[in-house]
1. Leaving ligands, DNA and RNA out of it, report the carbon-plus-sulfur percent of the accessible area of the range 41-98 at a 1.4 Å probe.
2. Take the Cβ-Cβ distance between Ser175 and Ala134 as r, set R0 to 25 Å, and report the resulting FRET efficiency rounded to the nearest 0.05.
3. Given a Förster distance of 35 angstrom, what is the FRET efficiency for Asp159 paired with Ala102, based on the Cβ-Cβ distance and rounded to 0.05?
4. With 21 Å as the limit, write out which pairs from Lys92/Lys182; Lys49/Lys182; Lys61/Lys92; Lys92/Lys127 have Cα-Cα distances beyond it, or answer none.
5. Contour minus end-to-end for Asp121 and Tyr89, with contour as 0.36 nm per residue of separation and end-to-end as the Cα-Cα distance?
6. Assuming R0 = 22 Å, can you tell me the calculated FRET efficiency for the pair Lys49 and Lys182, based on Cβ-Cβ distance, to the nearest 0.05?
7. Excluding Ala196 itself, calculate the net charge of residues whose Cβ lies under 15 Å from the Cβ of Ala196, where each Lys or Arg counts +1 and each Asp or Glu counts -1.
8. Strictly greater than 16 Å: what percent of every Cα pair in the range 59-109 meets that?
Amino acid sequence: MSAFTLSSGRAQKAAGLRLNPAWTVLLAITCTLFFGRSVLAQTPVVGAKAADFTLLTPTGKSVTLSAEQGGHPLVLVILRGFPGYQCPYCVKQVHDFVDRAADFKAKNTRVLLVYPGPPADLDQHAKEFLEKQAELPSNVVLATDPDYRVTNLYGLRWDAPHETAYPSTFILDGSGTVVFEKVSHSHGDRLSAQDALDHLSTN
């Protein structure tokens, strides 16, 4: 057998591999999963529609972003949740928003807090977190994100030891469009309730 024959055989096998329907389907699925995930996992920016989602409260009540909004402004706060301890900056931020709940209510605005973390005992950790707060007013809701579904959907996963999500705040108008966003890459850089109220006044 000549070198030319061997070379031609290899070329045919390579061509056959490229044209093999099974490989084509597998490649297509892989590309769809990879690129589809990267497209879906995007942090909302000003002018974009916030992706809808449904989570549960620590007591098992279903909470859907669009339903909470109900055609009115909404402040969405992604906390660090439970990175292995109760984050003192989250405690301070939530306490601040709870204290100003009446001011948000006067602007017909709800506040949705998302508490991410490892699935094990997250609801219990969230209940303990809420014990550090005053009773949540009717227009302030906290939901847990035990599988990082929303954290990942919004491209906010802080994937490092003792981290969960980049603490972030989004203000949505009545149509669910983001009119303000703040994403922090440090623990303490948080949007205050007053700043959120000021942005609501200008939108």
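1. Taking all protein chains in place, the range 41-98 shows 59 percent carbon and sulfur surface.
2. E between Ser175 and Ala134, to the nearest 0.05, is 0.20.
3. According to the calculation, E is roughly 0.40.
4. Lys61/Lys92
5. Stretched fully, the Asp121-Tyr89 segment lengthens by 9.4 nm.
6. Efficiency at R0 = 22 Å is approximately 0.75.
7. Charge balance near Ala196 sits at -1.
8. Looking at the range 59-109, the distances longer than 16 Å represent 56 percent of pairs.
The values are calculated or read from the model by the stated rules, or taken from the named source; none is laboratory data. Small disclaimer: the values here were computed from a predicted structure and weren't measured. Cβ atoms come from the backbone with ideal geometry, glycine included; neighbour counts cover every protein chain shown. Accessible surface is based on the protein model in full, side chains and every heavy atom, while ligands, DNA and RNA are left aside. Shrake-Rupley method; radii C 1.70, N 1.55, O 1.52, S 1.80 Å.
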